[in-house]
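The values are calculated or read from the model by the stated rules, or taken from the named source; none is laboratory data. Please read these numbers as outputs of a predicted model, since none were measured by experiment. Counting neighbours? That spans all protein chains shown, and the Cβs are built from the backbone with ideal geometry, glycine included. SASA here: full protein model, heavy atoms, side chains in, ligands and nucleic acids out. Shrake-Rupley method; radii C 1.70, N 1.55, O 1.52, S 1.80 Å.
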Amino acid sequence: MHQIPLVTLNNGTRMPQLGFGLWRVPDREAEAAVATALEAGYRSIDTAAVYANEKGAGRAIASSGVPRRELFVTTKLWNDRDATWSRDNVLRAFDGSLDRLGLDHVDLYLIHWPRPMREEYPAIWRTFEEISESGRAKAVGVSNFGPAQLARLHAESPLVPAVNQVELHPYFPQRELRDAHAAYGIATEAWSPLGQGKDLLAEPAVLAVADRHGRSAAQVVLRWHLDQGVIAIPKSVTPARIRENLDVFGFELDAADLAALGGLESGLRLGPDPEAFDPPGPGGGPSRWRRLARRVSGLVPSTGSRSRR
């Protein structure tokens, strides 16, 4: 069993630095994938209301035999544009996630997107303060927030987000944002830590580092995250890859390795720009969800960067 390092969040809660993500995993597959992950040794599971797989994750957790106290479960509020996010609606959404997961609390609850054009996130955060005080979420945080949104929360709330989960990988290392996190005491968590695979994992620089260490390209990129103190949540439904992604604790990258991977920075986003993204609701059945998934995962290059597929 791998010994996964723990990150101490700003409220004292301890979170595994490497977890298992469920983005774009259908509910019917989530149960088996989470079961495999827990059997392999993962103890942090990341889901979200909009992923529509909280039930599958919950079933796997319930049948795993792993004591609840050993698990770290994250889910997220899908604060879409099709609803008004009053206190009651936020609490109702949180209760719905707990019900689907079959849990009486989660370890981390996140606001999924800032949607700054609507200016609802400060009010939502006030309800998150209430959720935190209730103990039904051991920690609360945000996802896809930028420095401006973090500064506003810092100015208006005594509660600092424990985590900001953002797109982060060697193409897009988010240096400025990570500096802001350090200033506020916010842990950085990477979604899409492998850059959605394909191009990143085929980069000559990545392959050269992998060859030197006798590791896979994915293991090298995940090690890059861990060596910089970033929390990572790789996702796969393939049992061999689920296990491979966890086997990253028997080596470390040296300065030359880090420099080689650092040279891949291009400013390329693989997901939407959070400053402009105003997501729709998840209603409309599976077809609308598939369209939303394609939109969220579509390439949205930053200015001056080139697209990769």
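Extent of the stretch 1-87 along each principal axis, from alpha carbon coordinates, in Å, largest to smallest?
44, 35, 19
Residues with beta-carbon under 13 Å from that of Ala187, excluding Ala187: net charge, scoring Lys, Arg +1 and Asp, Glu -1?
Value of the local net charge: 0.
Given an 8 Å cut-off on Cα distances and at least 6 residues of separation, report the relative contact order of the chain as a percent.
19
Please work out how many pairs of lysine residues in the chain are eight or more positions apart (or on different chains) and have Cα atoms closer than 20 angstrom.
5
Counting DSSP beta bridges in the stretch 134-230, what percent are antiparallel, to the nearest 5?
DSSP beta bridges in the stretch 134-230 are roughly 10 percent antiparallel.
From the protein chains alone at 1.4 Å, what is the descending order of accessible area for Phe145, Phe249, largest first?
Accessible-area ranking of Phe145, Phe249, largest first: Phe249, Phe145.
Sort Glu120, Glu130, Glu54 by accessible area with a 1.4 Å probe, largest first.
If we order Glu120, Glu130, Glu54 from most to least accessible, we get Glu130, Glu120, Glu54.
Using unit Cβ charges (K, R positive; D, E negative) and no other charged atoms, how large, in debye to the nearest 20, is the dipole of the chain about its Cα centre?
For this selection, approximately 780 debye.
Count the net charge of all other residues whose Cβ sits under 14 Å from the Cβ of Ser63, scoring Lys and Arg as +1 and Asp and Glu as -1.
+1
Given the rule -39500 (n - 2.57) for each run of at least 4 DSSP H residues, summed and divided by the residues of the chain, what is its mean residue ellipticity at 222 nm, to the nearest 500 deg cm²/dmol?
Here the helix-only value at 222 nm equals -12000 deg cm²/dmol.
Of all accessible surface on the stretch 119-261 at a 1.4 Å probe, what whole percent is carbon and sulfur?
On the stretch 119-261, the fraction of accessible area on carbon and sulfur atoms equals 51 percent.
Counting only heavy atoms of the protein chains, get the accessible area per residue of the stretch 1-121 (1.4 Å probe) and round it to a whole Å² value.
That works out to 41 Å² for each residue.
In the chain, what percentage of the DSSP-assigned beta bridges are antiparallel, given to the nearest 5?
15
Count neighbours as other Cβ atoms within 10 Å of each site's Cβ, and list the GluC sites (Glu not before Pro) in the stretch 195-290 that are DSSP loop with at most 16 such neighbours.
Glu252, Glu265, Glu275
What net charge do the residues around Arg14 carry, taking every other residue with its C-beta under 12 Å from that of Arg14, with Lys and Arg at +1 and Asp and Glu at -1?
+1
Ranked highest first by average number of other Cβ atoms within 10 Å, how do 163-176, 193-206 line up?
Put in order of decreasing packing, that is 163-176, 193-206.
Taking square-rooted eigenvalues a ≥ b ≥ c of the alpha carbon gyration tensor, is the stretch 190-237 rounded, prolate or oblate, where a/c under 1.5 means rounded and, failing that, a/b exceeding b/c means prolate?
oblate
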